[in-house]
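Written below as structure tokens is the structure these notes are about.
The values are calculated or read from the model by the stated rules, or taken from the named source; none is laboratory data. Since the structure is predicted, the reported quantities are computational estimates derived from the model, not experimental observations. Cβ sites come from the backbone with ideal geometry, for glycine too, and all protein chains shown count toward neighbours. Side chains are part of the model used for accessible areas, which takes the heavy atoms of the whole protein and leaves out ligands, DNA and RNA. Shrake-Rupley method; radii C 1.70, N 1.55, O 1.52, S 1.80 Å.
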Amino acid sequence: MLISVVLQKTCLLKMDLWTATVFEYFRRAVFFLLLFHLLTAGMSAAAASQDILIQFCMPLPSDFMASTQLSAVTQIRVSDDYAVALYDQWRIGGSSMLAWAVGLQPFKDVFRSTQLQKGNPLLHQEPNSELHALVATLSTGPVAIGDKIGDTNTTLVAWCCSKNGTILKPSRPATAVELTYVSTSHPTATPQGEVWTTYSLLPTTSLPADVRGDAKDVVWSGHVFAAALNSDFNLTFRHSGLGPGRIGWVKDDSTTQWVAMPWRATLGGNTSSSFSHAGVLKEFSDAHPVVLQACPKGNGSIPLVPYQHVLAYPVRSGWVLLGEMGKFVPTSPARFLQVRGEHAALAMGVPTCTCYDCACIHPHIVHSIGWLIQ
């Protein structure tokens, strides 16, 4: 079965025959190695001829690899079904690594943006809508809401995108930090839960060529995401994946100061312990790590999954570009077209259209330097 969804001007075909199921139940595909290749290659060629994109669903690792030969396959679902694994299918920090490595955009399955859907007693409550929306946005894939008409939380959806529906996403998918896969005898040295990071690259012309090197796009912000942590975890800068070695690293980044601040958190469902837009920038380094508090998954048949979302910023020539703080990704490359540093101001190029609300960007003073938006 194929389901088509119109996304802007391009049609996307979701390959909903479950590629894993093909090998589990279609025995000829197991013994005749070229059969599945002929099927997918034919679909890819036909889709490409009509300017249609394909998303693989329920893939095996071999499907990830096969996609490298299929030009029309640009996305791949990296989560289980929402209906089947309602409270765990958001865990895509590991599977997104493989998708990104082969050039695909990870997709987290659909979610509901409100806790209750009126008139449908068969659906369970959804206490983790914010978590799903954030994970979907940080995945860099489509953000799919599955609400009944009239029950969508438009405020939450607005955190994901601009007024015209453009998803304001980072430059790469959020993936699990390397310490997740390190074996150690000290439990506090590795995250006892999910800790992911990602970043946003923006075209930058202000840095000198001898500093910028070959990098045309430079990191202006990073994201630290944590959820279902059974114990506190201190994330140092060198283990964050934001330092030297990543794409967008410039020559002076080894000495660049970084700062961080919490964007939002839900800790144990207690509103008194939750915070949003805290706005306090603190040093982020090996000596001053980001402290992620324990936020274990709740108990019961409808568990709350607490999460924390921390923003990290490099200080470049005394500048910190906070971005549009009313969005999950305040400095999305879809929001800022270019950044240029000047002697007394920071100039940011933004799209000249009505789909953005510049009033959401507030003046902020950093080292007595003002902001200029153009």
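Some points to look at:
- Residue pairs, from the table Lys169/Lys297; Lys163/Lys282; Lys163/Lys297, whose Cα atoms sit over 30 Å apart: Lys163/Lys282; Lys163/Lys297
- For region 72-198, the solvent-accessible area with a 1.4 angstrom probe is 42 square angstrom per residue.
- Over region 39-162, all Cα pairs binned in 10 Å intervals from 0 give whole-percent P(r) values of 13, 39, 30, 16, 2, listed from short to long.
- Approximating the spin labels as points 7 Å out from Cα along Cα→Cβ, the Asp217-to-Asp232 distance works out to 3.7 nm.
- With contacts taken as Cα pairs under 8 Å and at least 6 residues apart, region 21-168 reaches a relative contact order of 16 percent.
- Ranked by the mean number of other Cβ atoms within 10 Å of their residues, highest first, the peptides 300-309, 36-45 come out as 300-309, 36-45.
- Computed from label points 7 Å out along Cα-Cβ, the spacing between Met325 and Leu116 is 3.4 nm.
- Sites Ile52 and Thr180 - FRET efficiency at Förster radius 51 Å, r taken between beta-carbons, to 0.05: 0.90
- For region 15-95, the fraction of C-alpha pairs farther apart than 22 angstrom is 28 percent.
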